[in-house]
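See below for the structure under consideration.
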Amino acid sequence: MNSQHRVVILGGGFGGLYAAKALKNAPVQVTVLDRRNFHLFQPLLYQVATGALSPGEIASPLRSVLRRQKNTRVLLGEATDLDAERHCVILDDGSDIEYDSLIVATGSADSYFGHENWRQCAPGLKSIEEATKIRHNILYAFEAAEREHDPEKRREWLTFVIVGGGPTGVELAGALAEIAHDTLRHDFRSIHPQDARIFLLDGGPRMLPSYPEDLSAKANAALVKLRVTPRTGVMVMDIDDGGVAVKTSTGNERISARTVIWAAGVKPSTFAEVLEHRAGAPRDKQGHVIVNGDCSLPLHPEIFVIGDLPHFEQDGKPLPGVAQVAMQQGAYVAKLIRERLRGRTPPPFRYRDKGSLAVIGRASAVAQIGSLHMSGLLAWLTWVFVHLMYLVEFSNRVMVFVQWGFLYLTFNRGARLITGPESSVRPPAT
């Protein structure tokens, strides 16, 4: 076993997992290293944040997913350094793992554009912990409003601000509107949840800027129908416990809100810096690692960077940091390693765009598949099918399908739990 070609994969997300699965039965020894013991289906994190699904329904243990691959082992740990000359990855506990080929798929993190202090007041949505924190904040706001007698303070508790008009922000806003107007409609006695104000802010000229203009317009109309207030051309200047200060074309203003959610930007993981300093990897202005056409580093052809981390240009444009890119790059690099062992050189990586999907609410979504643009129920059904298909384990598909069916018929979100330290789940005394 030790004489075999050693492939080390950093990260068990879409890119890393698809690379590992594509190396099944290959004459290699595969090691998958991740600081978590599970693969997370990130596109559905917002449903955990809004109580539609539980964390276990969108996550699968890596050992379970890869248990039938006899050439693959899974290790729990975090890579913090690299010795590119010795072909060695160094872990946070000081131990190391040697490799012949290294696949770096460590993903991305929320970017607050230099304002890290905003993170405490406006959590992002990259992990299960962040999703459950957002769920806590949303549900806690309604509980606090129920006990609040001051009309102005109650209004603050019932005001929600989402920063970022991309797919994550749009999906969060739509789900939050359904919580306020349908799920919680009859659950309280002192407040009317449907009085909640939901603002979706973006600095660009339209929501879903990466989508065609006609689909952006339809998404905007669907949000308005759900009584969300989309606001474009709005720059966030400051965020604190009491709300958001913004700059608009007409001047500065403040939105008083006790719940703010960040969905405005991402940045490469910190391992990009390690690759720059230890392997001479060039980076772009956003910090992404610039790679060759086969996803390898210019100075180290044995190191591959895939997923959200690299700057990979195709037809003069960088590829987006979406799951489909990571999946296809993972499968490609696995094939490349196989071909190299046979003494062959495959052609450069070529991304095949299978389309974009964003759900706004119940039976409402937008979709672009090639030249085909869809919206409404048909787009929503397509979204349901695609997301069920890409869930890793069959048991997750069944559980999610059942939950979605129940939600569609009843508007009831079964995972409406306020969790966390006991002191943090008590509404303020009146």
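Here are some notes:
- Whichever residue in the stretch 244-300 is part of a loop (DSSP other than H, G, I, E, B) and of a type in the set (K, R) and, among such residues, is surrounded by the most Cβ atoms within 10 Å (Cβ to Cβ): R258
- Residues of the stretch 301-311 satisfying the condition of being surrounded by fewer than 24 Cβ atoms within 10 Å (Cβ to Cβ) and in a loop (DSSP other than H, G, I, E, B): P301, E302
- A217 small (G, A, S) and farther than 24 Å from W404 by Cα: yes
- Note on the stretch 187-227: residues that are assigned to a loop (DSSP other than H, G, I, E, B), touching a strand residue (DSSP E or B) at 6+ places or on another chain (Cβ under 8 Å) and surrounded by fewer than 22 Cβ atoms within 10 Å (Cβ to Cβ) amount to 5.
- Candidates in the stretch 104-142 are the residues that are on the phi > 0 side of the Ramachandran plot and touching a residue at least 40 places away in the same chain (Cβ under 8 Å); of these, the one that is surrounded by the fewest Cβ atoms within 10 Å (Cβ to Cβ) is F113.
- Note on the stretch 118-158: residues that are closer than 21 Å to P43 by Cβ and touching an Asp or Glu at 6+ places or on another chain (Cβ under 9 Å) total 5.
- Long-range neighbours under 7 Å by Cβ, at least six apart or interchain, first residue in contact (Cβ under 8 Å) with a residue 40 or more places away in the chain and more than 19 Å from V289 (Cα to Cα) within the stretch 319-347, second buried (at least 21 other Cβ atoms within 10 Å of the Cβ) and among the aromatic types (F, W, Y): A331/Y18
- Of all residues making up the stretch 143-161, the number that are surrounded by fewer than 17 Cβ atoms within 10 Å (Cβ to Cβ) and either in a loop (DSSP other than H, G, I, E, B) or of a type in the set (A, V, I, L, M) (or both): 2
- Qualifying residue in the stretch 272-287 (condition: of a type in the set (V, I, T), over 26 Å from P320 (Cβ atoms) and modelled with pLDDT of 95 or more): no
- Test set (1) closer than 25 Å to S356 by Cα; (2) in a loop (DSSP other than H, G, I, E, B); (3) hydrophobic (A, V, I, L, M, F, W, C) - L172 fails condition number: (2)
- Residues within the stretch 367-425 that are part of a loop (DSSP other than H, G, I, E, B), surrounded by fewer than 16 Cβ atoms within 10 Å (Cβ to Cβ) and among the charged types (D, E, K, R), tallied: 1
The values are calculated or read from the model by the stated rules, or taken from the named source; none is laboratory data. Since the structure is predicted, the reported quantities are computational estimates derived from the model, not experimental observations. We place every Cβ from the backbone using ideal geometry, glycine too, and count neighbours over all the protein chains shown.
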